[in-house]
Amino acid sequence: MSDIAITGIGVISSMGIGREAFWETCKKAGTGIKKVTDFETSSFASNVAGWIDDFEPRDYMPPRIYRRMSRISRMAVSSSVEALNNSELDLKGLDKTRIAVILGTAYGSSSRVEDFFVSLLRDGPRGAQPFLFPETVPNAPASHIAMFHGITGPNSTFCQNDISAENAMLYARNLLLGNIVDVVLVGGADELSPMQYHCYNDLGVLNKIKINNHEPADPEPGGGLILGEGAGTLVMERLDFAVKREAKIYGILKTGILAGGATPMGHYEAGGEQMGRAMTMAMEQAGLGPAEIDQISVSANLSAELDRMEYHQLKIIFKNRIKALAVTPLKYLMGDFGGAGIIRAAAVLLSLYHQLSLPALKAEALKPEPHGVLKWDIPSKSKIQTALMTTSTFGGGSSSLVFTCK
């Protein structure tokens, strides 16, 4: 009775616009990291990001709807349109008070925050642009999703850095298990902006990589963050509800754990004890041991601090398997952002559904040592039943989710 089915997937990603394009790129470990041309980066330590340059909101909704939305809201609503269409849910036949919209984002619309406060500083209170203000609050994307689809059930937004989307998924799970709602549109979204890029550069945490327009980006693990952006939506239902309507089921969210440890501001939990605790508890609650996990999606983001910590905990938990252990650090291909958990979960679910393991690296690639060009293992068809997705964020938060086949 605790199994939650995922019946719809929508993706707007630097690795592909739409679920199918994203999956095709994902299967071959294609990258969405490219030179930033939307704003000036010549004075920064880096000029690359996992940014989206081919997204057209008119493919999902009419201009009269999206013309005043921020970029993040356009991406979030578009991913929800794809996810609902994919789920084949008939919203007209459902009680919309029993449908929830739950979203995770680290920063919301940082571009509209910048634009609004620039107008305020330049022109004063009377000259500030009022139509920009509604998009400066992080819950705007979730509100737009609800308004676009006419959904009147619970609506919440989680902002907890890199585990924002994971928080959203677990809260959505609680709403479903508590029989408060029948369906949840759970999303994760973030957008890149000049202000955000500038701040990360000034903090000195960006991967110091500069490329020309058509060069491939080959970042070095441990060299620093590569920022990203994107949006994804999953349609989540109780398994009995999904089975009753004969829905296509991509996979099952079996269990999930949130944990937190004390850490200095701006840093990851040094020893990773809470990350390890979250992984261990999630597997135990799912009735699985480390030997029964078929694939692992890790949160490694090219920063030495997180990647080293994650490798250390994997070594403790998977012990004798560590030399051959394969892991998928999807942020190496799409960049790091707070809502990335939904897109990582989408990759895991598509992998389970198609019975094709995700491209992977040896776990030892997470160690912050010179590796040269990363060598991804591109698997062929395989039988996979279980997947572990682990995430940690600066500030000390960690989560672990276990997904299984239906």
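The values are calculated or read from the model by the stated rules, or taken from the named source; none is laboratory data. Quantities reported herein were computed from a predicted structural model and do not represent experimental measurements. Note that we place each Cβ from the backbone using ideal geometry, even for glycine, and neighbour counts take in every protein chain shown. Just so you know, the surface numbers come from the protein's heavy atoms only, side chains and all, with ligands and any DNA or RNA stripped out. Shrake-Rupley method; radii C 1.70, N 1.55, O 1.52, S 1.80 Å.
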Is region 265-277 home to any residue that is over 21 Å from Y311 (Cβ atoms) and of a type in the set (A, V, I, L, M, F, W, C)? yes
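Could you tell me whether any residue of region 110-120 is open to solvent by less than 50 Å² (accessible area, probe 1.4 Å), in contact with a strand residue (DSSP E or B) (Cβ under 6 Å, 6 or more places away or on another chain) and hydroxyl-bearing (S, T, Y)? Don't jump to the end; show me each part of the working.
Quick first cut of region 110-120, residues open to solvent by less than 50 Å² (accessible area, probe 1.4 Å) only: 110-113, 116, 119.
Then drop every residue that is not in contact with a strand residue (DSSP E or B) (Cβ under 6 Å, 6 or more places away or on another chain), which leaves none.
Taking every residue of region 110-120 in turn, none turns out to be open to solvent by less than 50 Å² (accessible area, probe 1.4 Å), in contact with a strand residue (DSSP E or B) (Cβ under 6 Å, 6 or more places away or on another chain) and hydroxyl-bearing (S, T, Y).
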Return only the number of the condition from (1) farther than 29 Å from P216 by Cα; (2) open to solvent by 10 Å² or more (accessible area, probe 1.4 Å) that A282 does not satisfy. (2)
Scanning region 330-355 for residues that are in contact with a helix residue (DSSP H, G or I) (Cβ under 8 Å, 6 or more places away or on another chain) and surrounded by fewer than 24 Cβ atoms within 10 Å (Cβ to Cβ), the one farthest from K35 (Cα to Cα) turns out to be H354
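Please go through region 342-362 and pick out each residue that is of a type outside the set (A, V, I, L, M, F, W, C) and either within 16 Å of A83 (Cα to Cα) or in contact with a His (Cβ under 6 Å, 6 or more places away or on another chain) (or both). Give the steps one after another, and end with the answer.
Applying the first criterion (of a type outside the set (A, V, I, L, M, F, W, C)) to region 342-362 yields 344, 351, 353-355, 357, 359, 362.
Result: R344, Y353.
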If a residue has to be closer than 12 Å to I226 by Cβ and in a loop (DSSP other than H, G, I, E, B) to count, how many in region 15-49 make the cut? 7
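Take the residues in region 352-406 that are of a type in the set (V, I, T) and under 21 Å from T31 (Cβ atoms), then tell me which one is farthest from the chain's Cα centre (by Cα).
The selected residue is V373.
Regarding region 224-233, can at least one residue be identified that is without any contact (Cβ under 8 Å) to a residue 24 or more places away in the chain, out of contact with any Lys or Arg (no Cβ under 6 Å at 6 or more places or on another chain) and either of a type outside the set (S, T, Y) or open to solvent by 60 Å² or more (accessible area, probe 1.4 Å) (or both)? Walk me through it before giving the result.
Keep residues of region 224-233 that are without any contact (Cβ under 8 Å) to a residue 24 or more places away in the chain, which gives none.
No: region 224-233 contains no residue that is without any contact (Cβ under 8 Å) to a residue 24 or more places away in the chain, out of contact with any Lys or Arg (no Cβ under 6 Å at 6 or more places or on another chain) and either of a type outside the set (S, T, Y) or open to solvent by 60 Å² or more (accessible area, probe 1.4 Å) (or both).
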Among helices (runs of 4 or more DSSP H) completely within region 284-387, the ones holding 3 or more residues that are β-branched (V, I, T) are 340-354
Cβ pairs under 7 Å, 6+ apart, first in region 191-208 and farther than 20 Å from G222 by Cα, second surrounded by fewer than 21 Cβ atoms within 10 Å (Cβ to Cβ) and at pLDDT 90 or above: P194/F39
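A quick yes/no check of all residues on (1) modelled with pLDDT of 90 or more; (2) hydrophobic (A, V, I, L, M, F, W, C); (3) farther than 27 Å from E246 by Cα:
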position: L91; (1), (2), (3): yes, yes, no
position: L121; (1), (2), (3): no, yes, yes
position: L132; (1), (2), (3): no, yes, yes
position: A142; (1), (2), (3): yes, yes, yes
position: T152; (1), (2), (3): yes, no, no
position: C159; (1), (2), (3): yes, yes, yes
position: I163; (1), (2), (3): yes, yes, yes
Go through region 180-211 and count every residue that is more than 18 Å from F39 (Cβ to Cβ), out of contact with any Gly (no Cβ under 7 Å at 6 or more places or on another chain) and among the basic types (K, R). 0
Can you tell me which of S42, S13, S2 is open to solvent by 20 Å² or more (accessible area, probe 1.4 Å) and in contact (Cβ under 8 Å) with a residue 40 or more places away in the chain? S2
Whichever residue in region 56-101 is among the hydrophobic types (A, V, I, L, M, F, W, C), under 27 Å from N179 (Cβ atoms) and touching an Asp or Glu at 6+ places or on another chain (Cβ under 8 Å) and, among such residues, is most open to solvent (accessible area, probe 1.4 Å): L94
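Got a sec? Which of E310, E369, E292, E364 is of a type in the set (D, E) and free of Cβ contacts under 8 Å to residues at least 60 places away in the same chain?
Values: E310 fails: free of Cβ contacts under 8 Å to residues at least 60 places away in the same chain; E369 fails: free of Cβ contacts under 8 Å to residues at least 60 places away in the same chain; E292 fails: free of Cβ contacts under 8 Å to residues at least 60 places away in the same chain.
When all the criteria are applied, what remains is E364.
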Of everything in region 261-279, what is within 16 Å of L401 (Cα to Cα), out of contact with any Asp or Glu (no Cβ under 8 Å at 6 or more places or on another chain) and either open to solvent by 10 Å² or more (accessible area, probe 1.4 Å) or in contact (Cβ under 8 Å) with a residue 60 or more places away in the chain (or both)? Give them in sequence order. Q274, R277, A278, M279
For V118, only one of the following conditions fails: (1) in a loop (DSSP other than H, G, I, E, B); (2) over 23 Å from the mean Cα position of the chain (by Cα). What is its number? (1)
